[in-house]
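S.K.: Let me begin by handing over the structure; questions about it come next.
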Amino acid sequence: MAKTAGTTLFMIILCGILGGYIGELLGFLMPTGFLHDIFTKGFPLGFEPPLVLNLRVVVLTFGFKVILNLFGIVGMIAGLYYSK
């Protein structure tokens, strides 16, 4: 079965989301400290504040923000590997 680009992108996003949730769950199980911070702290990627395009008749607001943690990145890599 041939894998399309859409299927690959879907798997990367899905596994990244699942990995992020797993990282958050593991972080709640860890005591406060270095490992807790590794699992729960992420770094945001996106527009902050959102991009606003005012065309006088219509105002468009574009916003996109992704917060990645360690397991989210590992999940994305696993999704890429699994989709191939």
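The values are calculated or read from the model by the stated rules, or taken from the named source; none is laboratory data. As the structure is a computational prediction, the values presented were derived from the model and not from experiment. Backbone-built Cβ (ideal geometry, glycine too); neighbour counts: all protein chains shown. Remember, those area values only see protein heavy atoms, side chains included, never the ligands or the DNA or RNA. Shrake-Rupley method; radii C 1.70, N 1.55, O 1.52, S 1.80 Å.
S.K.: Could you tell me whether the range 20-27 includes any residue that is open to solvent by less than 70 Å² (accessible area, probe 1.4 Å) and at positive phi?
M.R.: no
S.K.: Could we say that Thr61 is loosely packed, with under 14 Cβ neighbours inside 10 Å and hydroxyl-bearing (Ser, Thr, Tyr) here?
M.R.: Judged against the criteria, Thr61 is a match.
S.K.: Can you pull out every residue in the range 48-66 that is hydrophobic (A, V, I, L, M, F, W, C) and under 14 Å from the mean Cα position of the chain (by Cα)? Walk me through it before giving the result.
M.R.: Taking the range 48-66 as the starting set, the residues that turn out to be hydrophobic (A, V, I, L, M, F, W, C) are 51-53, 55, 57-60, 62, 64, 66.
The answer is Phe64, Val66.
S.K.: Step by step: first the residues of the range 1-16, then only those that are modelled with pLDDT of 85 or more and loosely packed, with under 15 Cβ neighbours inside 10 Å, then the one that is nearest to Ile73 (Cα to Cα). Which residue is that? Even if it seems obvious, please write down each step before you answer.
M.R.: Kept after step one, since they are modelled with pLDDT of 85 or more, are these residues of the range 1-16: 4-16.
If we keep only those that are loosely packed, with under 15 Cβ neighbours inside 10 Å as well, we get 4-7, 9-10, 13.
Working: Thr4: 21, Ala5: 19, Gly6: 19, Thr7: 18, Leu9: 14, Phe10: 15, Ile13: 10 Å.
Within the range 1-16, the match that is nearest to Ile73 (Cα to Cα) is Ile13.
S.K.: Ok, one more. Residue by residue through the range 11-35, note down the ones that are under 11 Å from Ser83 (Cβ atoms) and free of Cβ contacts under 8 Å to residues at least 40 places away in the same chain.
M.R.: Answer for the range 11-35, where residues must be under 11 Å from Ser83 (Cβ atoms) and free of Cβ contacts under 8 Å to residues at least 40 places away in the same chain: there is none.
S.K.: From the list Leu45, Leu68, Leu55, which one is surrounded by 10 or more Cβ atoms within 10 Å (Cβ to Cβ), out of contact with any Gly (no Cβ under 8 Å at 6 or more places or on another chain), without any contact (Cβ under 8 Å) to a residue 60 or more places away in the chain and of a type in the set (A, V, I, L, M, F, W, C)? Let's see the steps before the verdict.
M.R.: Working: Leu68 fails: out of contact with any Gly (no Cβ under 8 Å at 6 or more places or on another chain); Leu55 fails: surrounded by 10 or more Cβ atoms within 10 Å (Cβ to Cβ).
Only one candidate qualifies: Leu45.
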